[in-house]
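What follows is a set of notes on a single structure, which appears directly below.
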Amino acid sequence: MNIRQISETHFMIYEQNEINPEVRDKISNIVSHIESYKHPAILSVTSSYTSIMVAFDATTYTYEKLIKELNLQNINFESDSGKKSKKVITLPVVYGEQYGPDLNIVAEHSQLTKEEVIKLHSDENYLIYAIGFLPGFPFLGGLNKQLYTPRKETPRSKIKSGSVGIANNQTGLYPKESPGGWQIIGRTPVDVFNLERNPMILYEAGDYISFKAIEEQEFQEIEREIESGKFDYSRLVGELN
Amino acid sequence: MKCIKPGLFTTVQDLGRTKYEKDGFSVAGVMNQYFYNIANALVDNEGASVLEITMNGPVLQFNASNIFAFVALDAEIFLDDQQIPVNTAIYVEKGQVLNIKSITAGARGYLAFHKPLNILPVLESASTHTRSGIGGYKGRTLKRNDVFYFKDKPVNYDIIGNTFNLNNVHEPNTIPIIEGLQFEQFELESKQLLVSQTYSISDMSDRMGYRLNGEKSLVHIDSADIISEPIAPGSVQVPNNGQPIILLNDRQTIGGYTKIATVSFVGREKLAQLKAQDRLQFKWITVEEATKEYKAYIKQMRQDIETIKLKKYKDLSIVRPKSKKIAKLIKGE
């Protein structure tokens, strides 16, 4: 672990400089460690693949004192990671057709059938390395190499909220309508991001997302349940074995 | 209050949405905290949301009486057709029209109100982030015919005419920077070049970031890319073309360019008053020095707020020399 002060009010904690689940695991542990302190001088904690940024109130606290109190060097990762649950959010997705207009492109590029693409894509538990770009936009790791497909040459000006896509070695979903260049292979009816709901975003960095293929009919049922406020979000939540 | 003309870039802001960066929400918030706090102190409404106005301001018609203050380095502003002073709490009656014609010194001004703007906060903040369409007035800049409402509040007439001379920032175009997180990934000459050459602020600069143009480019030892990491305010990132970009309030929460430096808090306050085509120079300081300056700056700001609060000021001449209406409202006159 390497801690560096960025400015009067911000510092960064780095773990090993590589993208892998073990490092992200450590990052998640450090984040929980810091958050569990509920330190009054800590204003925000943001994390990504290998790093954590902390904003603190430099008018009431010094960097040195804060670092000392947080006692970061003494986090016992082994005992922590054993206890920590691995939350998986399973998102139902209709692949192809108007829900995933680029499924054909990914299939052709990978020299696979559409069914094989769907199987490979929905077989994986994707670790959320970071959330950023847009509110609730997850940076996921673990896409099967066979599915790597370049971005669209011309981005779409409007991608529907819930759209699931692939861009090079990444997969993910648009939590909100947005322009974007990803190859859209499907869409989930689940509103992963909803300002009016608590929690506003169904997952956080360090959790996992998996996709489950469903039929159009089920998509519409879920959509109706969400609209009428009857959808049970807890049915999406599971644990990684 | 109705917007008759929106001005160049007018948004609702407060101190920003700081706690939700982890969910991908940009912080946003006022670019200049000192001006913002002075504006709210003048109208006795601390912590309230204000209109942040860039260069050319809006024309606003009041549908209810209120007290406002427009804080800027200098500006031409009119109430109906009468020119009024900046940095002064002014009483406005229903029907009157405020025209923030232009900011003549600096780049940004803050319009604060005694009766608070009625803005529904999003995630504990009224700040507008225009890129994601979140907060403020429908998540965007002001448009013609937008209508604002004020919350009711017992009016403190004592504050009318309250005025304050801003503590002017020293060397406004010298921006202090701290060594960045990827400082080691730049050649020694580049580290020196950053503080030896003069930069001009590009036209493609906004609340998200200021793009700079320098005669010579900075050179990475290796590459411009790093594993994406959270971005601190003031981060000076350098893409492959070697021209620095200073990331400010509306920046994305994470990004993957190397950062040679970080502009200090005080430096960012200065930047908020610099505009496209303005020139600036950087100056290396240590993080300890930055912290010292920051504390002194915040202390001064708090003192200034106290001074405004304690000032029992009754000098009418500066407010509106010809206004009998205001005179009537001030006790003892």
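No lab work stands behind these numbers, since they all come straight from the coordinates. Note that the structure is predicted; figures quoted are calculated from it, not measured. Ideal geometry is used to build each Cβ from the backbone, glycine not excepted, and the neighbour counts take in all protein chains shown.
For the stretch A:96-189, applying the loop criterion from DSSP together with a ceiling of 10 other beta carbons within 10 Å to the GluC sites (Glu not before Pro) yields A:GLU153.
As a proxy for reagent exposure, ranking A:THR60, B:THR291, B:THR262, B:THR10 by other Cβ atoms within 10 Å from fewest up yields A:THR60, B:THR291, B:THR10, B:THR262. Measuring between alpha carbons in the structure, the pairs from B:LYS275/B:LYS309; B:LYS101/B:LYS143; A:LYS68/B:LYS295; A:LYS160/A:LYS230; B:LYS22/B:LYS259 lying more than 24 angstrom apart are B:LYS275/B:LYS309. By other beta-carbon atoms within 10 Å, ranking B:ARG131, B:ARG17 with the fewest at the front produces B:ARG131, B:ARG17. So if R0 is 51 Å, what FRET efficiency would B:LYS143 and A:ASN76 give, r being the distance between their Cβ atoms, rounded to the nearest 0.05? According to the calculation, E is roughly 0.40. FRET efficiency for the pair B:ALA64 and B:GLN281, taken as 1/(1 + (r/R0)^6) with r the Cβ-Cβ distance and R0 = 35 Å, rounds to 0.15.
Dipole magnitude for the stretch B:174-290: computed about the Cα centre from +1 point charges on Lys and Arg Cβ and -1 point charges on Asp and Glu Cβ, it is near 380 debye.
Once the Kirkwood radius over Cα pairs is known for the protein assembly as shown, the Stokes-Einstein relation at 37 °C and 0.692 mPa s delivers a diffusion coefficient of 127 µm²/s. Comparing B:LYS270, B:LYS115, B:LYS283 in a Gaussian network model of chain B where C-alpha atoms under 10 Å apart are linked, the largest mean-square fluctuation is found at B:LYS283. Once the Cα-Cα distance is subtracted from the 0.36 nm per residue extended length, the B:GLU306 to B:GLN197 segment shows a gain of 35.3 nm. Backbone phi angles across the stretch A:236-241, fed through the Karplus curve with coefficients 6.51, -1.76 and 1.60 (θ = phi - 60°), yield HN-Hα couplings of 7, 9, x, 10, 6, 7 Hz in residue order; Gly and Pro are listed as x. Simple point charges give the picture: +1 on the Cβ of Lys and Arg, -1 on the Cβ of Asp and Glu, and for chain B a dipole about the Cα centre of about 1460 debye.
Neighbour counting of Cβ atoms within 10 Å sorts the residues B:ARG279, B:ARG108, fewest neighbours leading, into B:ARG279, B:ARG108.
Under the criterion of Cα pairs below 8 Å and six or more residues apart, the relative contact order for the stretch A:87-239 equals 34 percent.
Couplings 3J(HN,Hα) for the stretch A:177-188, derived from phi with the Karplus relation 6.51 cos²θ - 1.76 cosθ + 1.60 (θ = phi - 60°), are 4, 6, x, x, x, 6, 7, 8, 10, x, 8, 9 Hz, where x marks Gly and Pro. The stretch A:167-195 and the stretch B:101-116 have Cα centres separated by 39 Å. For the stretch A:197-218, the residues whose backbone nitrogen is under 16 Å from a point 7 Å from the Cα of B:LYS19, taken along Cα to Cβ, are A:197-201. Each of B:ASP74 and A:GLN111 was given a label point 7 Å from its Cα along the Cα-to-Cβ line. The distance between the two points is 7.2 nm.
The dipole here belongs to chain A: it is taken about the Cα centre, uses +1 on the Cβ of Lys and Arg and -1 on the Cβ of Asp and Glu, and is about 360 debye. If you average the C-alpha positions of the stretch B:1-47 and of the stretch A:85-129 separately, how far apart do those two centres end up, in angstrom? Taking the Cα centre of each part, the stretch B:1-47 and the stretch A:85-129 sit 42 Å apart.
Can you find, among B:GLN83, B:ILE119, B:PHE183, the residue sitting farthest towards the positive end of the charge dipole of the stretch B:55-208, where Lys and Arg contribute +1 and Asp and Glu -1 at Cβ? Checked the options; the winner is B:ILE119.
Note on chain B: with a GNM built from Cα contacts shorter than 10 Å, the maximum mean-square fluctuation among B:ILE38, B:ILE90, B:ILE285 falls on B:ILE285. If you run the Gaussian network model on chain B, springs between alpha carbon atoms under 10 Å, then out of B:GLY16, B:GLY109, B:GLY180 the most flexible one is B:GLY180. Our helix-only sum for the protein assembly as shown, with -39,500 (n - 2.57) per DSSP H run of n ≥ 4 divided by its residues, gives a mean residue ellipticity at 222 nm of -6000 deg cm²/dmol. Working from label points 7 Å from Cα in the Cα-to-Cβ sense, the A:LYS68 to A:LYS119 distance is 6.1 nm. Computed from the Cβ-Cβ distance with R0 of 25 Å, the FRET efficiency linking B:ARG131 to A:ASN198 stands at 0.50. Under 5 Å between amide hydrogens, which residues at least 5 positions from B:TYR257 or on another chain qualify, with H placed 1.01 Å from N in the peptide plane? Result for B:TYR257 returns B:ILE226.
Overall form of chain A: prolate. Here a/c, set by the Cα gyration tensor axes a ≥ b ≥ c, is 1.5 or more, and a/b is the larger of a/b and b/c. Along the stretch A:13-21 the Karplus relation, 6.51 cos²θ - 1.76 cosθ + 1.60 evaluated at θ = phi - 60°, assigns HN-Hα couplings of 10, 10, 9, 3, 7, 8, 8, 7, x Hz to successive residues, with x for each Gly and Pro. Along the axis of the charge dipole computed for the stretch A:87-239 (Cβ charges of +1 for Lys and Arg, -1 for Asp and Glu, origin at the Cα centre), the listed residues A:PRO155, A:PRO199, A:THR113 are led at the positive end by A:PRO155.
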